[in-house]
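The values are calculated or read from the model by the stated rules, or taken from the named source; none is laboratory data. Predicted model only: the values in this text are computed from it and were never measured. Cβ sites come from the backbone with ideal geometry, for glycine too, and all protein chains shown count toward neighbours.
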Amino acid sequence: MSIFAVLFKLNKGHQILTGHSCVFVKENRVKFSKMTPGFRICFLTGSLLSVVQGVLFDVVVERPITLPCKVENDGNDQVQWFKKPKTLLSTSLNVMNLYKHRMVVSNPYEREWNLIIERVRMEDTGNYTCKVNGNVMAEIELVVQRQVPPTIHQTYDMTFDEGSTGNVWCNDTGFPTPNITWYSKPPHQVDGIGQDTGVEGNRLILHNITRFYDNIYVCLATNAGRTYRAETRVRVNFGPEVEILEEIVIAAIGEEVTLHCAIAAYPMDGVVEWAFMNSSEPITSSWKYDVAFESELVQYFNTRFVSLKVREGALGNQEYGQYVCRTQNFSRGYDDEVVVIQRN
């Protein structure tokens, strides 16, 4: 369904309401906007609630619009509505046959003779005049504009350092101005929009960023029932955390032993390795050892698992002692230790 915007411009002396600000009514919420030179701009979804000088309304096609006319009428005067240049629309309460199917004159009070267009069309654009005995009482300019559905311009993946503050933008266009809401979801979630962040507007500010901000952020732009969405992938740089899953392992000579290590980091571009404590040489897979990296099933957690297995029959006196799991990132080394003790 299309949307039309209607601009009312009333002559001086024929204002319905006055003031220094206008009421912005949308989705049952009331806000106030500043006055702009010559006009006060408001937005309204649905049928017309009231008319203010120089107000811009959004109305859905086939909805009514009221053009106001307040006159001094002694009961015998003839009130007429015209559309320029010389099209007569109504006389008193009688609407011309050509327009009866969608126009009506309302006389709710003695001085009010309002022209109601029950279903607005593009061709309704023009200048309307309310006259009493040939004298102009109200002159209204009606401008109808088609709705422009919301569009979000290209979004980009973004990367922030842990502890920093970052801005994620949603650059949108559309008429009427779209409402912007933000959602977040885990990187592995394909469908849906995720969890409502409670943030509105075209900028999402991420304060004191942690690795848990590593998400997909969904920008939802809506105007008059039409919705457009865009996603921004946010990644967070953070230094590695190395954690041994079992710090002490007790095993008998010749027994198979497996040591487990988890490394969390982004980017995960450093070398991950096992070594004997105080040794610069990494342990590699051989008849004695098996070094294995887990699959990338937990990649969206930026976590990698690496295990060191001492094969059955290979564990001897020289294999007891301290082992270290280590990696390097951002020119720094990170490690954690495990000790293998002989079972008596």
GLU337 being assigned to a loop (DSSP other than H, G, I, E, B), farther than 30 Å from THR159 by Cβ, modelled with pLDDT under 95 and touching a strand residue (DSSP E or B) at 6+ places or on another chain (Cβ under 7 Å): no
Residue check for THR327: outside the structural domain of PRO186 (by TED's automatic domain parsing), in contact with a Pro (Cβ under 9 Å, 6 or more places away or on another chain), surrounded by 13 or more Cβ atoms within 10 Å (Cβ to Cβ) and in contact (Cβ under 8 Å) with a residue 12 or more places away in the chain: yes
Those residues of segment 302-344 which are within 30 Å of PRO267 (Cβ to Cβ) and of a type in the set (Asp, Glu), in sequence order: ASP335, ASP336, GLU337
Cross-chain or 6+ apart pairs with Cβ under 6 Å, segment 221-244 first and surrounded by fewer than 17 Cβ atoms within 10 Å (Cβ to Cβ), then in a strand (DSSP E or B) and among the acidic types (Asp, Glu): GLU243/ASP336
Segment 180-221: number of residues that are part of a strand (DSSP E or B) and either more than 8 Å from the chain's Cα centre (by Cα) or closer than 16 Å to GLU231 by Cβ (or both): 22
Residue in segment 274-288 that is outside any loop (DSSP other than H, G, I, E, B) and in contact with an Asp or Glu (Cβ under 7 Å, 6 or more places away or on another chain) present: yes
Criterion: farther than 30 Å from ASN208 by Cα and either hydrophobic (A, V, I, L, M, F, W, C) or without any contact (Cβ under 8 Å) to a residue 40 or more places away in the chain (or both) - qualifying residue of VAL120, VAL168: VAL120
Any pair with Cβ under 8 angstrom, 6 or more apart, that starts in segment 83-106 at a residue that is free of Cβ contacts under 8 Å to residues at least 24 places away in the same chain and part of a strand (DSSP E or B) and ends at one that is exposed (fewer than 15 other Cβ atoms within 10 Å of the Cβ) and not charged (D, E, K, R): LEU88/MET96; THR91/GLN78
Hits in segment 231-259 (condition: within 21 Å of GLN328 (Cβ to Cβ) and assigned to a loop (DSSP other than H, G, I, E, B)): LEU245
Some residue of segment 52-68 being at pLDDT below 80, in a loop (DSSP other than H, G, I, E, B), among the β-branched types (Val, Ile, Thr) and touching a Lys or Arg at 6+ places or on another chain (Cβ under 7 Å): yes
Number of positions in segment 107-129 that are under 17 Å from LEU142 (Cβ atoms), touching a strand residue (DSSP E or B) at 6+ places or on another chain (Cβ under 8 Å) and part of a loop (DSSP other than H, G, I, E, B): 5
